[in-house]
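The values are calculated or read from the model by the stated rules, or taken from the named source; none is laboratory data. Remember, it's a predicted structure, so these values are computed and weren't measured experimentally. Backbone-built Cβ (ideal geometry, glycine too); neighbour counts: all protein chains shown.
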Amino acid sequence: MSVKTNVQAVHDTLLEEFRRDERLILLGEDVGVRGGVFRVSDGFIEEFGADRIIDTPVAESSIVGVSIGAAIGGLRPIAEMQFADFHAPAFEQIVNEAARMRYRSNGSFGVPMVIRMPWGGPVHGALYHSQSVEAFYAHVPGLKVVVPSTPYDITGMLRSAIRDPDPVIFLEHKATYRAVKGEVPDGDYTIPLGPADVKREGTDITVFAYGLMLHHALAAAETLAAEGVSVNVVDMRSLRPLDADTVLREARKTGKCLIVYEDNRMFGAGAEIAALIAEEAFSDLDAPVMRIGGPEVPAMPYNKPQEDWFMPDPTKIAAKMRELAAY
């Protein structure tokens with residue numbers, strides 16, 4: 001057992017998997033000589049060489065397109081979007097090619113690849129370094145979309161993603177890279193892609209969250225505990241597949257549900273979770289399903305006061321928890 005940060009968990013898991021499986025290759029901007037903008041692949045090119053750790057041009061469509069071809073040809077590519085915000089040029093390749101290859105070939109071809117995307121705010125990155133992109137891809141059958149938020153989950157789910165026979169969008173929240181630490185067991189354990197995880201047991205209200213918002217929700221739950229409100233906190237950690245069984249079980253446990261996400265609130269992943277609860281557990285609810293999400297503005301503002309206004313935080317989440325508990 002060792003204590004790691006989230007970014008250390010990504011680095012160490014990739015390193016172990018590259019040593020385990022010679023089919024793995026890494027493609028991305030600055031992933032080689034520089035070791036990645038977040039130093040995730042630091043030292044990789046020295047150990048594995050430029051044939052496996054490939055510095056690419058600034059062309060995300062090519063990073064993903066080449067990875068798709070390599071995957072069909074028998075390799076196991078890991079394509080890095082330097083920031084999730086840069087995903088748009090690769091959208092066509094991800095959605096129209098990678099996601100649909102098994103379907104269009106009647107199962108003859110799979111695309112076993114991982115697309116890593118550092119995402120989210122508030123990192124003072126403004127329009128092009130703070131975006132949440134999960135809802136775009138969670139909408140697409142043929143993709144898996146996972147958002148682990150602790151070193152333990154990152155390690156187990158990244159191993160599963162690398163070994164999966166189909167494409168996986170692996171989202172890593174930048175603000176948690178060095179801020180979140182946790183224990184990681186020794187040995188080759190995996191966590192299935194799909195199941196949610198109850199991170200805190202509670203009896204009064206249930207909160208569903210992922211990414212940085214998971215940690216904010218846990219902090220808010222501590223505040224509410226001191227006020228006599230018991231908060232049940234569920235880490236979604238996988239958006240596609242979505243763990244409907246756990247969502248409904250935990251919703252029925254308390255009858256009061258809050259969903260927290262930093263993406264724009266409208267049409268976000270939280271809307272799908274809310275719809276599932278409303279359709280399948282309506283008779284067990286004691287209050288309307290509530291949501292906290294980002295405001296209806298096109299992007300994260302530049303300056304800190306407006307960045308703080310944009311982002312949900314433990315104080316805002318605690319206030320919504322109180323409203324729900326008192327309903």
(request) Return yes when residue 90 is under 16 Å from residue 168 (Cα atoms), crowded, with 19+ Cβ neighbours inside 10 Å and touching a residue at least 60 places away in the same chain (Cβ under 8 Å) and no when it is not. (result) no
(message) Test of understanding: among 246, 223, which residue is surrounded by fewer than 20 Cβ atoms within 10 Å (Cβ to Cβ), within 23 Å of residue 181 (Cα to Cα) and either of a type in the set (Val, Ile, Thr) or modelled with pLDDT under 95 (or both)?
(response) 223
(request) Within region 114-127, identify whether any single residue is assigned to a helix (DSSP H, G or I), surrounded by fewer than 21 Cβ atoms within 10 Å (Cβ to Cβ) and among the small types (Gly, Ala, Ser), and answer yes or no. (result) yes
(message) Can you tell me which residue is farthest from residue 319 (Cα to Cα) among those in region 261-299 that are surrounded by 16 or more Cβ atoms within 10 Å (Cβ to Cβ) and touching an Asp or Glu at 6+ places or on another chain (Cβ under 7 Å)?
(response) 269
(request) For region 148-159, state whether one or more residues are in the same structural domain as residue 116 (by TED's automatic domain parsing), part of a loop (DSSP other than H, G, I, E, B) and at positive phi. (result) no
(request) Could you figure out which of (1) buried (at least 21 other Cβ atoms within 10 Å of the Cβ); (2) in contact with a His (Cβ under 9 Å, 6 or more places away or on another chain); (3) of a type in the set (D, E, K, R) isn't true of residue 307? (result) (1)
(request) Can you tell me which residue among 204, 166 is closer than 30 Å to residue 109 by Cα, modelled with pLDDT of 95 or more and charged (D, E, K, R)? (result) 166
(request) Of all residues in region 272-292, count the ones that are over 19 Å from residue 326 (Cα atoms) and part of a loop (DSSP other than H, G, I, E, B). (result) 1
(message) Checking the condition under 28 Å from residue 307 (Cβ atoms), surrounded by fewer than 19 Cβ atoms within 10 Å (Cβ to Cβ) and in contact with a strand residue (DSSP E or B) (Cβ under 8 Å, 6 or more places away or on another chain), which residue from 178, 237 passes?
(response) 178
(request) Go through 183, 134 for me and flag whichever is touching a Phe, Trp or Tyr at 6+ places or on another chain (Cβ under 7 Å) and either within 16 Å of residue 40 (Cβ to Cβ) or among the charged types (D, E, K, R) (or both). (result) 183
(message) From the list 230, 238, exactly one residue is among the polar types (S, T, N, Q) and under 25 Å from residue 117 (Cα atoms). Which is it?
(response) 238
(request) Determine which single condition residue 162 fails, assuming it passes every other condition in (1) assigned to a helix (DSSP H, G or I); (2) free of Cβ contacts under 8 Å to residues at least 24 places away in the same chain. (result) (2)
